[in-house]
Structures are given as C-alpha cells and as structure tokens.
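Below is one structure, written out as structure tokens; comments come after it.
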C-alpha cells in the first residue's frame with residue numbers, strides 16, 4: 001500500500017528529530033562537564049601505635065587523599081573520625097593546610113589519641129574468635145576556595161582490617177629472696193597475655209616498685225626479648241633488687257597502714273612485632289594496688 005505524501009513528510013520529520021537527539025547526546029558526552037562523575041576519595045592505611053599507657057594510646061594513622069579533578073584542592077583543615085564495628089573509637093582534627101594538585105594524591109600522617117577504655121569496650125562486645133573488624137573512616141574537609149560550588153567535602157570509606165587488642169599485663173604473685181644487710185631481692189610473677197592472632201615481643205622490659213611514699217623501693221631490668229605467641233599467655237619471674245635502707249624507711253608506713261599500704265609497679269618496654277601496628281611501640285604502664293591484694297592484682301590494659 002502506498003503511503004500518502006503527508007505520511008511521508010511526517011516520517012521524515014520524525015527521523016530528523018531522532019537524528020538530532022542522538023547527535024545532541026553524542027556532543028554532550030564528548031564536550032560535557034569534564035568533572036562529571038569525578039569525586040575525591042580517601043583511603044585509610046595501616047596505622048602504628050607509638051606509645052600506650054594504662055589509660056591512653058598514642059597512634060599514627062596514614063590517610064591517602066586522591067584528587068581526580070582537573071583542578072587542585074586547597075584544604076584549610078578537616079575533622080575525622082574512626083569507627084570500629086559501628087562504635088566510634090576516636091575523633092580528631094587536622095589543622096594544617098593541605099594542597100592536592102589536580103589528578104594527584106598525597107598521604108597525610110594523622111597523630112591521634114584513643115582511650116584504652118573505649119577500645120576495650122568495643123572488643124569486649126565482639127564475638128569470641130573474631131580476629132577482624134569493620135572499620136569506617138569519615139572526614140569533613142573544609143576548602144579555602146569552593147570547588148563545583150561546594151566549600152566542604154564529606155568523604156568516607158569502609159575497610160575490613162585485623163582487630164587489634166593491646167597486650168594484658170597482670171601481677172599474679174611474688175616471692176622474697178636473698179635477704180641481706182644492704183640488699184635483698186623480690187621476685188615478681190607477671191603474666192603477659194596476647195589475644196592478637198600474631199606474636200608480640202617485649203624488648204628490654206624495666207620495672208620499678210613504689211611502696212607507700214617510698215619511691216623506687218625495688219627495681220630491675222630484663223635484657224633481651226620476652227616473647228608471647230598469638231592467642232596465648234606466659235608467666236615470667238622478674239627479679240627486682242630491694243634496697244634495705246629504703247625498705248626500713250617504709251616500716252613506719254607498714255605499721256601504720258598495714259595491708260592497706262599502696263603498691264605501684266611502673267613497667268616500661270618497647271614492643272616488637274611483624275605486624276606494623278605494634279612495631280617499636282613504647283609501653284609505659286602503671287599497675288596499682290595495695291599489699292592486701294598484691295598477689296591478685298589484675299590490671300588489664302586492653303582487650
């Protein structure tokens with residue numbers, strides 16, 4: 001059947017419209033916004049514990065910031081937070097200006113501090129045998145100059161990493177040895193517990209005991225390495241030299257306070273591990289109690 005002249009004209013117009021629409025989309029794809037679909041991203045690397053005490057952890061995080069845009073980013077400052085299994089374990093601010101050139105990236109070192117109690121609470125809620133955790137890093141970046149109409153960038157990332165647990169140190173007993181006129185020895189029995197999946201070494205641990213107001217009543221060092229395998233615990237005998245003169249000075253306090261006389265053990269060492277997080281970490285712990293519970297002091301510094 002032959003098409004009428006009007007129908008032919010309408011089909012031709014429709015074909016021209018379709019060609020025009022296709023050409024417009026091709027032009028837009030080729031010459032559109034060069035930053036369309038591009039967005040800066042962040043990547044949190046493995047951190048390192050620099051020092052920890054019985055209360056806080058000083059650590060360093062490595063943060064990669066990638067800028068795929070054709071223009072540079074001038075970041076005035078930014079705030080950041082880290083969550084572990086949905087619980088916030090640290091929050092901090094980075095106040096130094098940061099320049100990231102176009103289509104470039106940089107690694108920022110973030111010094112941070114975390115409370116021992118916070119990490120311990122999160123790990124206590126974890127199921128037994130879970131050696132990894134879900135980490136969430138979020139940052140709010142304030143720009144000196146707006147980019148694409150925005151003066152603030154909100155970036156985040158999620159990553160599954162090993163679950164880190166601080167080693168536990170416990171005083172489990174003591175034994176008096178070698179009494180003399182000038183010096184005696186006391187042997188402390190310390191339990192080192194490592195709940196991580198990897199081994200940890202305590203290098204050149206040093207010990208110092210305060211009794212009441214008498215500082216440095218006993219002290220000692222153990223040269224070399226004390227190693228604790230992953231998921232295990234070890235008990236070591238630590239010999240400490242006691243100055244009899246200082247001990248005699250404490251007799252008055254002992255008579256007055258008896259078994260309630262306070263006791264403090266200062267423990268210092270450097271950690272060593274194949275795991276980057278615990279490599280060359282300084283440890284400065286204080287384990288406190290009184291004479292009544294000297295044999296059952298249990299100062300857990302983390303889980």
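Below are the figures for this structure:
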{"read-out": "Complete set of residues in region 235-246 that are surrounded by fewer than 16 Cβ atoms within 10 Å (Cβ to Cβ) and closer than 14 Å to residue 171 by Cβ", "value": "235, 236, 237"}
{"read-out": "Residue tally, condition surrounded by fewer than 17 Cβ atoms within 10 Å (Cβ to Cβ) and under 17 Å from residue 39 (Cα atoms), over region 108-142", "value": "2"}
{"read-out": "Strands (runs of 3 or more DSSP E) contained entirely in region 137-235, each with at least 3 residues that are touching a residue at least 12 places away in the same chain (Cβ under 8 Å), farther than 30 Å from residue 76 by Cα and under 26 Å from the mean Cα position of the chain (by Cα)", "value": "168-177, 183-194, 200-211, 225-228"}
{"read-out": "Test for residue 208: is it closer than 21 Å to residue 286 by Cβ, assigned by TED's automatic domain parsing to the domain that holds residue 274 and at pLDDT 85 or above", "value": "yes"}
{"read-out": "Criterion violated by residue 129 - all others in (1) assigned to a strand (DSSP E or B); (2) modelled with pLDDT under 85 satisfied", "value": "(1)"}
{"read-out": "Scope region 133-189; condition closer than 23 Å to residue 67 by Cβ and at pLDDT below 80; matching residues", "value": "148"}
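The values are calculated or read from the model by the stated rules, or taken from the named source; none is laboratory data. Source: prediction; values computed, not measured. As a convention, Cβ positions derive from the backbone with ideal geometry for all residues, glycine included, and neighbour counts pool all protein chains shown.
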